[in-house]
Structure formats: structure tokens, C-alpha cells
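The values are calculated or read from the model by the stated rules, or taken from the named source; none is laboratory data. No experiment lies behind these values; they were computed from the predicted model shown. Don't worry about glycine lacking a Cβ; one is built from the backbone with ideal geometry, like all the others, and counts go over all protein chains shown. Please note that ligands, DNA and RNA were not included when accessible areas were found on the heavy atoms of the full protein model with its side chains. Shrake-Rupley method; radii C 1.70, N 1.55, O 1.52, S 1.80 Å.
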Amino acid sequence: MSEIDSIRSQVISCVKCSLSKTRTNAVPGKGNPKAEILFIGEAPGRNEDQKGEPFVGSAGKILTEALSSAGLSRDDVYITNVVKCRPPNNRIPLQEEKESCQPYLSKELEIIKPKIICIMGNTAYGSLLNGNSITKNRGKIIEKDGQRYFLTIHPAAVIYNQELKSVLKDDMKTLVETLDRLKKDENPPDNK
Ligand code: URA
Ligand code: SF4
């Protein structure tokens, strides 16, 4: 079994926090294990809980569209969440739930070693970088402990404010451009 499949199967049967009692299915991360960009949302919603896959409901549709506008398909990237089980009524995950689930996210990051982690929304921003206003900080690139992060809004925010659709799309473009620049800096063309 691949390392990522092993995390997957641990998540599927996990009972480390009380969200395991109310979920239908745990939702492990999904996508390319060799992805250069790894996206982190908050927690599964109703559709994700039903299907056992991340971002398959309306927020997922918005994310897929924003990715494709920047030339990315979901198979190019890896998509996961801070907590892998749906909180009742989609409430924000509690501190203890985030802490219980954290080792799975750490493992995903360790295995995939993305060039950039794309933080989507305040829950992921708070959990990974101790940040607290994604609206003020979106579009920024941050480097911490040798890892690069890109900050953007949560795709679900677009459901409540359609004007944010272009913000998300613009951010995806910036993200792809940032990645291209990083790769160029790593492998400068040989001009000899
Ligand atoms: N919102 C999230 O944060 N994650 C999902 O997987 C779906 C909706
Ligand atoms: Fe386990 Fe995470 Fe689900 Fe809690 S949210 S039961 S820690 S997989």
C-alpha cells in the first residue's frame, strides 16, 4: 500500500475525536500524491460526508471552476481539510477536534511535500499559520519553516457573495504564476 493510501485507510476508520460519532463517512484528502500544490479547506460538509470525498458540493464546484480558470485540474493538485469528519450542522471545528486530526494533515504534507500549500479560509489559516483575517491577507505568499504558503478565501464564501468569484479566480492565477516563478528560480535556464 502506498504511504498516502495508508493515511487514507487510517482516516476512514479513525475514532480519535467525537466527530466520528456523527459522521457518515470520514473524508481523507484526495488528488495527485505528487502534487506541487496542496489545498487545505476547513472540514467536510454534507455532500462530502455522504460521498467520503473532499469538495464535492457547491463549494467544490466553485473551487473546480477557479482551478480550471487558472489551467489546473483537480487531478493535478491534492485537496484536503483541517478536519476529516463533518462537524454537526457544519459548525466550525473545535480546538480539540483540530488537534486530534492534525497528525493526518502533517502526514499528508510530509508525504506529498508540496512546493506551495494553498490555505483556503480562516480555519486553515488559523490552524497552520496562527492567522486570523483571511480577507485582509488573501493573495499573500508566506514562507515559514522552509515551507511556502499562499493565502486565499474559502470557496464557500463565493456562495454568499458572488463578487468574490473573481477574487478567487485572480488568486488562483497568482498561485500558478508564483509556482512557475519558483520552479524557474530552482532551475534557471542554462545560458552558456
Ligand atoms: N468545505 C470545506 O472546507 N471542505 C470541504 O471538503 C467541503 C466544503
Ligand atoms: Fe479522526 Fe479527524 Fe475524524 Fe476526528 S475528525 S474522528 S480525528 S479523522
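Numbers for the structure displayed
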| item | result |
| --- | --- |
| Gap separating the Cα centres of segment 1-46 and segment 61-98, nearest whole Å | 11 |
| 5 angstrom amide H check on Cys118, placed H, neighbours 5+ away | Leu38, Phe39, Ile40, Phe150 |
| Pairwise label distance in nanometres, Glu3 with Glu99, each label 7 Å out on the Cα-Cβ vector | 2.7 |
| Segment 67-127 - percent of accessible surface contributed by carbon and sulfur, probe 1.4 Å | 47 |
| Fluctuation leader among Asp170, Asp76, Asp145 - the chain, Gaussian network, Cα springs under 10 angstrom | Asp145 |
| Cα-Cα separations in the chain greater than 24 Å, expressed as whole percent | 36 |
| Relative contact order of segment 1-115, pairs being alpha-carbon contacts under 8 Å that are 6 or more residues apart, as % | 36 |
| 3J(HN,Hα) from dihedral phi, segment 29-42, Karplus parametrisation 6.51/-1.76/1.60, rounded to Hz, x for glycine, proline | x, 9, x, 7, x, 9, 4, 8, 10, 10, 9, 10, x, 9 |
| Theoretical ellipticity at 222 nm over the chain - DSSP helices of four or more residues, -39500 (n - 2.57) apiece, nearest 500 | -13500 deg cm²/dmol |
| Highest-MSF residue in the chain out of Leu72, Leu168, Leu63 [GNM, Cα springs under 10 Å] | Leu72 |
| Student exercise, segment 1-102 dipole from Lys, Arg, Asp, Glu Cβ charges, in Debye to nearest 20 | 360 |
| Cα centre as origin, Lys/Arg/Asp/Glu Cβ charges: the chain dipole, Debye | 300 |
| In nm, spacing of pseudo-spin labels at Glu110 and Arg46 (7 Å Cα→C-beta vector) | 3.7 |
| Cut-off under 5 Å, modelled amide H: who pairs with Leu94 long-range | none |
| Cα→Cβ-extended label distance, 7 Å offset, between Ser58 and Ile12, nm | 3.0 |
| Listed pairs Lys98/Lys184; Lys21/Lys140; Lys144/Lys183; Lys113/Lys165; Lys30/Lys183; Lys16/Lys51 exceeding 26 Å between Cα atoms | Lys98/Lys184; Lys21/Lys140; Lys113/Lys165 |
| Relative contact order (%) - criterion: Cα under 8 Å, at least six apart; region: segment 84-192 | 20 |
| Relative contact order of the chain, defined on C-alpha pairs under 8 angstrom at six or more residues apart (%) | 23 |
